[in-house]
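Everything below concerns the one structure shown next.
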Amino acid sequence: PEEAALFRWDFSEKKEYSYIYNQKVTTQNYMNGFGPGGKDTVSAQNMTGNGILSYKSEGDNTARFVLENLVIKSELSTEGPETPHKKMEIKSPPMIIQGVKEDGNLSIPSSSQTLLLKLLFPLPAQPIKVSETVQNEANMPFNAMGSLLYVKGHSKITLTKYVEINGLKCAKFISDINISKMEIPPEMDGKYLVFAKGKSVFYFDVNNRK
C-alpha cells in the first residue's frame with residue numbers, strides 16, 4: 001500500500017503561484033422593526049467578484065497571500081414600495097495577508113484570515129493516505145449588530161486518488177466544510193442564522209508542491 005504523504009507548499013525560493021479568482025455571494029437580511037415606520041424589512045444582495053489570487057513566496061519558507069485586480073459588482077434590493085434596486089461596481093484595493101507558512105497556517109494566528117486561507121487552499125495538517133480523511137475544527141466570526149460572535153463547525157479533507165494532469169502527478173482532494181453551530185447569548189434579542197457549507201475539489205502538484 002502507498003505510504004502516507006505530507007503535503008506542503010514550497011516557499012524556499014522567491015516565486016509566485018497565481019490563480020484566476022471568481023466569487024459569487026448571495027445574502028439576505030431580515031431586520032425586525034428597522035424599516036420605515038418601524039416595519040419589518042427584508043433586503044437581499046447579490047455580489048460577484050473577479051480578480052487574481054496569488055501566493056508570493058518570500059524565499060524564507062513563508063509567503064504573502066495577495067488578492068488583487070478585484071472588480072466587485074453588487075446589486076442590492078429591499079422589499080417594499082419605492083425601493084429600487086441599487087447597482088454598484090467598484091475596484092477593490094489589494095488584499096494582502098503576510099506570514100503564510102508552508103502548511104497554510106499563519107505565523108501570527110488570526111481566526112478570520114486562517115479560515116479564508118483554509119477555504120481557498122485547504123491542505124491536510126498531517127500525513128494522509130488515499131481514501132483517508134482529516135477533520136479539523138473551524139470557527140467563523142460574524143458581527144451581530146456590533147457584537148462579535150462565532151459560528152462553530154468543522155472542515156474535512158479527503159485524499160481521493162492521484163491523477164496525472166499535463167504530465168504532472170497531482171493529488172486530488174475533496175474538501176467539505178460545515179460551519180453552522182451557533183450559540184446566541186441570552187442578552188441578545190432577535191434571531192440570527194449564519195453558516196458556511198459547501199464542497200470543493202482541488203488538485204495539488206506533488207513534485208512541484210503547488
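The values are calculated or read from the model by the stated rules, or taken from the named source; none is laboratory data. Quick caveat, the model's predicted, so the values are computed rather than measured. Don't worry about glycine lacking a Cβ; one is built from the backbone with ideal geometry, like all the others, and counts go over all protein chains shown. Surface areas here come from the heavy atoms of the whole protein model, side chains and all, with no ligands, DNA or RNA. Shrake-Rupley method; radii C 1.70, N 1.55, O 1.52, S 1.80 Å.
Before moving on, here are some points about what is shown:
- When all protein chains stay in place and ligands, DNA and RNA are ignored, the 1.4 Å accessible-area order of 140, 145, largest first, is 145, 140.
- Considering only Cα atoms, the convex hull volume of the chain works out to 149 Å³ per residue.
- Residues residue 130 and residue 22, FRET efficiency given R0 of 35 Å [Cβ-Cβ distance, rounded to 0.05]: 0.75
- Too-long pairs where the Cα-Cα distance tops 32 Å, listed order kept, from 24/56; 56/181; 56/86; 24/210; 73/129; 161/191: 56/181; 56/86; 73/129; 161/191
- Spin-label proximity, residue 208 to the stretch 43-66 - amide N less than 20 Å from point 7 Å beyond Cα toward beta carbon: 52-66
- Using the Cβ of residue 144 as centre and a radius below 14 Å, the other residues enclosed give a net charge of -2, where K and R count +1 and D and E count -1.
- J(HN,Hα) series, the stretch 113-121, from Karplus relation 6.51 cos²θ - 1.76 cosθ + 1.60, nearest Hz, glycine and proline x: 6, 4, 4, 4, 5, 5, 5, 7, 9
- Efficiency of FRET from Cβ geometry, residue 150 and residue 74, R₀ 30 Å, rounded to 0.05: 0.70
- In this structure the stretch 126-210 gives 66 Å² per residue of accessible area when probed at 1.4 Å with all protein chains present.
- Interchain or long-range residues, amide H under 5 Å from residue 123's placed H: none
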